[in-house]
Amino acid sequence: QVRLVESGGGLVQAGGSLRLSCVVSESIGSLNFMAWYRQAPGKQRDLVASISREGQSNYIDSVKGRFTISRDNAKNTMYLQMNSLKPEDTAVYYCSIRRGIRTYWGQGTQVTVSS
């Protein structure tokens, strides 16, 4: 069973930065889709950013220029660098991978941005 463990969330003031990490229990080098999602209270879980095996990244419009997704295959770890944080970024952030036909999720890490 693949396990994903997120860390790095916390409370930060608007304009601040956080870096989220997602450690995967298996090798990630062959994974073509790794992503970060977020879910705010009372809302659905939304895709924030994704990264391919080749390192190509995609972002939702609201985080472009502020967030950076990356991966370190040697460490089996994916990151989300979040800068210029806004109160509307407050949510539980989840990492996710696809392996074959299955999707795996971490337990989530809370990010709270105060105004």
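Observations
- Of all the listed residues (Gly10, Gly55, Gly29), the sole one being modelled with pLDDT of 95 or more and small (Gly, Ala, Ser) is Gly10.
- Qualifying residue in the stretch 46-65 (condition: open to solvent by 60 Å² or more (accessible area, probe 1.4 Å), among the hydrophobic types (A, V, I, L, M, F, W, C) and farther than 20 Å from Gly9 by Cα): no
- Test: residue in the stretch 32-39 that is small (Gly, Ala, Ser) and touching a Cys at 6+ places or on another chain (Cβ under 8 Å): yes
- Taken over the stretch 84-115, the criterion of being assigned to a loop (DSSP other than H, G, I, E, B) and within 15 Å of Arg38 (Cβ to Cβ) is satisfied by Leu85, Lys86, Thr90, Gly106, Gln107, Gly108.
- For the stretch 85-107, a tally of residues being out of contact with any strand residue (DSSP E or B) (no Cβ under 9 Å at 6 or more places or on another chain) and more than 17 Å from Cys22 (Cβ to Cβ) returns 2.
- Filter result (touching a Phe, Trp or Tyr at 6+ places or on another chain (Cβ under 9 Å) and assigned to a loop (DSSP other than H, G, I, E, B)) within the stretch 67-83: Asn83
- Glu6 meets the stated requirement of being touching a residue at least 40 places away in the same chain (Cβ under 8 Å) and closer than 16 Å to Thr112 by Cα.
- Residues (acidic (Asp, Glu) and not in a strand (DSSP E or B)) located in the stretch 1-50: Glu26
The values are calculated or read from the model by the stated rules, or taken from the named source; none is laboratory data. None of these values were measured; they are calculated from a predicted model. When we count neighbours, we look across all protein chains shown, and the Cβ atoms used for this are built from the backbone with ideal geometry, even at glycine. Areas reflect the complete protein model, heavy atoms only, side chains present, ligands, DNA and RNA absent. Shrake-Rupley method; radii C 1.70, N 1.55, O 1.52, S 1.80 Å.
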